[in-house]
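Can you keep this structure in mind? I'll have questions shortly.
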Amino acid sequence: ADTSYEQFEKILNKLEDQMYIKDWQNRSKDGNIEYEIIFPKKTLSAMLDTDPDGEKIVAKLKLVKQVPEDLLWVLDENHKLRHFNSIVDVVKYFVKYRLTKYNDRKNRLVGILEKKYDENSKLVKFIELVCKGKLKIRNRSKVDIKADMDKENLPIVLMQTPMSKVTIEERDELLKQNEEIRRELEYIRSTTIEQMYINDLIELRKKIEKDFI
């Protein structure tokens, strides 16, 4: 329950005044709650004879508190205890938090695709220059090759491309890949994070709904 130490000890003092209990001690330490409650001699055993489950004793000591069904305490994304007044409030909070993850996901996907598109484009340019004889690789020093590639704004790492990949067919395949990437980028950029979330929920429902039929 949401009872404080002070509130609980007021209850114990009142029960002591009423001679329901004889004494009590607060032995709580380091956040661990522990109270020692002493009952008058033979009183506790007599009470348990008529109340073997101890429900009346628990109620008398107010160890249990009935709370509304929609009163919720949950751990948030930072593992902190957070209070919500209703399930609707929990859902709203979760959706708002979840959308931040979709925003991160969208930005990450765009970044990955843009990088791949750029790498493909540079490799296409490299292949075309080599195939057209505008960039000579064989029988030249690495320094001279790098100087020519710098002029074309091409990374020197492309020199490691196997010659079996420096073909018109490979170029065409890369261009095809880039067209697919371009369409995917266009779709992702035009899709809101809200719609992405809804799409995933629709797919999830399709996958699990058969388990509830």
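Answer with yes or no whether LYS106 is open to solvent by 70 Å² or more (accessible area, probe 1.4 Å) and touching a residue at least 40 places away in the same chain (Cβ under 8 Å).
No; evaluated as a whole, the condition is false for this residue.
Are any residues in segment 44-69 in a loop (DSSP other than H, G, I, E, B), at pLDDT 85 or above and closer than 14 Å to PHE8 by Cα, and if so, which ones?
Listed by number, the list holds a single entry, LEU61.
Still on this structure: List the number of the failed condition for LYS101; all other conditions in (1) at pLDDT 90 or above; (2) surrounded by 12 or more Cβ atoms within 10 Å (Cβ to Cβ); (3) not in a helix (DSSP H, G or I) hold.
(3)
Name the pairs whose Cβ atoms lie under 8 Å apart, with the first residue in segment 23-51 and closer than 14 Å to TYR5 by Cα, the second assigned to a strand (DSSP E or B) and of a type in the set (Asp, Glu), and 6 or more positions between them or separate chains?
So the pair list comes out as TRP24/GLU36; GLN25/GLU36; ARG27/GLU36.
Applying the selection to segment 15-33, what residues are closer than 16 Å to LEU63 by Cβ, open to solvent by less than 100 Å² (accessible area, probe 1.4 Å) and part of a loop (DSSP other than H, G, I, E, B)?
TYR20, ILE21, SER28
Looking at the structure I just gave you, is GLU77 at pLDDT 85 or above, part of a loop (DSSP other than H, G, I, E, B) and open to solvent by 60 Å² or more (accessible area, probe 1.4 Å)?
Against the criterion (at pLDDT 85 or above, part of a loop (DSSP other than H, G, I, E, B) and open to solvent by 60 Å² or more (accessible area, probe 1.4 Å)), GLU77 qualifies.
So, in segment 159-192, of the ones that are open to solvent by 50 Å² or more (accessible area, probe 1.4 Å) and outside any helix (DSSP H, G or I), which residue ends up nearest to LYS96 (Cα to Cα)?
Among them, the one singled out is THR192.
The values are calculated or read from the model by the stated rules, or taken from the named source; none is laboratory data. Quick caveat: nothing in here was measured; it's all calculated off a predicted structure. Here Cβ is always computed from backbone atoms with ideal geometry, including for glycine, and neighbour counts include all displayed protein chains. Please note that ligands, DNA and RNA were not included when accessible areas were found on the heavy atoms of the full protein model with its side chains. Shrake-Rupley method; radii C 1.70, N 1.55, O 1.52, S 1.80 Å.
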